Structures are given as C-alpha cells and as structure tokens.
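The values are calculated or read from the model by the stated rules, or taken from the named source; none is laboratory data. Note that the structure is predicted; figures quoted are calculated from it, not measured. Neighbour counts run over all protein chains shown; Cβ positions are idealised from the backbone, glycine included.
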Amino acid sequence: MCYVIHDRFGIVEGLMTTVHSITATQKTVDGPSSKDWRGGRAAGFNIIPSSTGAAKAVGKVLPALNGKLTGMAFRIPTVDVSVVDLTVRLEKAASYEQIKSAIKEESEGKLKGILGYVDEDLVSSDFVGDSRSSIFDARAGIALNNNFVKFVSWYDNEWATGKFSFFLRMYDNMLSGYCEVIEKSRKKNTSIAIH
C-alpha cells in the first residue's frame, strides 16, 4: 500500500500503528519479560503497547521512504488477523476518492494478489485465510484534508507468515537438491542442462 501511495502522491512523512493479534512469543499469564515490562503481561487479557519494526521495514523495501515513517504496535487479544493504521502527509494534494481509486486500480493491476481493496463493512475475522499482503479498507480510512490522510489495511499475519515460511522451506529444499546435483555432476565431470 505504501508503494502505491508514495508512487502516486508522495509521502512526506507518516506514523504507523499496527494493531496486532497475539503472537507465539507472548505470555499466556503475567510473568517476567527480558524485553520489556509490558511484554510480560498476559496476552489474552490485555491490550499491550509494543514496538514494531514494520515502519523501518518499509524504509528498507522502499528506500525513498527510509526515515519518513515510524510506528508502534498494540498487541490485542485476538488469535488472528492484524490491521495497520497509517497516517501520512502527502506531497501532492488528492481527495480521498482519488486515493481510493488509485489503490483500487493497482490492486486490480500489477499488484493483484498482493494488494487487496475492499469497500464493504468487514471486520478482522473476514480476512482469516486471505493470502494478500495488504488489504486496503476503503470505508475505514479518513482524510482531514487533501494532504493529511489515514489509511487502514488488513492482513492475516498467520496465513501470510505460514505461507511464506512454507515457500522458503520449499525453495531451500529445491536449492539443496540442485546443489547436490551440481556437486555429483562435478565429481563425474559431466554437464547439466538447465531449462
């Protein structure tokens, strides 16, 4: 989503809040945490303010946004699906309708299957099992004016992570097998045809 917003309208700066469902590293009951005091509180009974690397990660993937975004997270007692609240100041003035149109266009074009677009009154459980990385919620966002806008985007943190891990394992296995074939071929002094 940040790619489309920055590409079409330019992001001057922004704040990101991730409202994140429970993760495997959180405590089931209150206890000590080596990271921070709040992190030691029971996940199923609390909304826990936390840090996030999401905004910094955007800067690594989109270098033009490096240093322009920062953020935090709230860990909440739900088992799946998280949402990003992104508030940005735009370089190029645009109405919320124009912005929605641009995001919809990209979600149906070159970012189809990665960026989603919904214009329905949905809630977190409606996105369980959705493999898209970011699903822009057109009805949840707001604009103060044509340069200051809040975006809301859903993602299934468990599905996407699990799917990505599966593909990494498959790639690793494929690569390992390929390396074994190359090594055997070198020992036999034969060549390999790669298609």
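For region 52-88, a residue qualifies if it is under 16 Å from Asp7 (Cβ atoms) and of a type outside the set (Val, Ile, Thr), and the qualifying residues are Gly59, Leu62, Pro63, Ala64, Leu65, Asn66, Lys68, Leu69, Leu86. Given (1) surrounded by 19 or more Cβ atoms within 10 Å (Cβ to Cβ); (2) at pLDDT 95 or above; (3) more than 20 Å from His20 (Cα to Cα); (4) among the aliphatic types (A, V, I, L, M), where does Ile135 come up short, assuming only one miss? Of the numbered conditions (1) surrounded by 19 or more Cβ atoms within 10 Å (Cβ to Cβ); (2) at pLDDT 95 or above; (3) more than 20 Å from His20 (Cα to Cα); (4) among the aliphatic types (A, V, I, L, M), the odd one out for Ile135 is (3). Among the residues here, Thr17 qualifies as within 25 Å of Ala138 (Cα to Cα) and hydroxyl-bearing (Ser, Thr, Tyr). Tell me which residues, restricted to region 22-46, are in contact (Cβ under 8 Å) with a residue 24 or more places away in the chain and touching a helix residue (DSSP H, G or I) at 6+ places or on another chain (Cβ under 6 Å). Ile22, Gln26, listed by residue number. Scanning region 39-60 for residues that are of a type in the set (D, E, K, R) and more than 29 Å from Gly141 (Cα to Cα) yields a single hit, Arg41.
Residues that are in contact (Cβ under 8 Å) with a residue 24 or more places away in the chain, farther than 19 Å from Leu15 by Cβ, assigned to a helix (DSSP H, G or I) and in contact with a Lys or Arg (Cβ under 8 Å, 6 or more places away or on another chain): does region 119-130 have at least one? Looking through region 119-130, none of the residues is in contact (Cβ under 8 Å) with a residue 24 or more places away in the chain, farther than 19 Å from Leu15 by Cβ, assigned to a helix (DSSP H, G or I) and in contact with a Lys or Arg (Cβ under 8 Å, 6 or more places away or on another chain).
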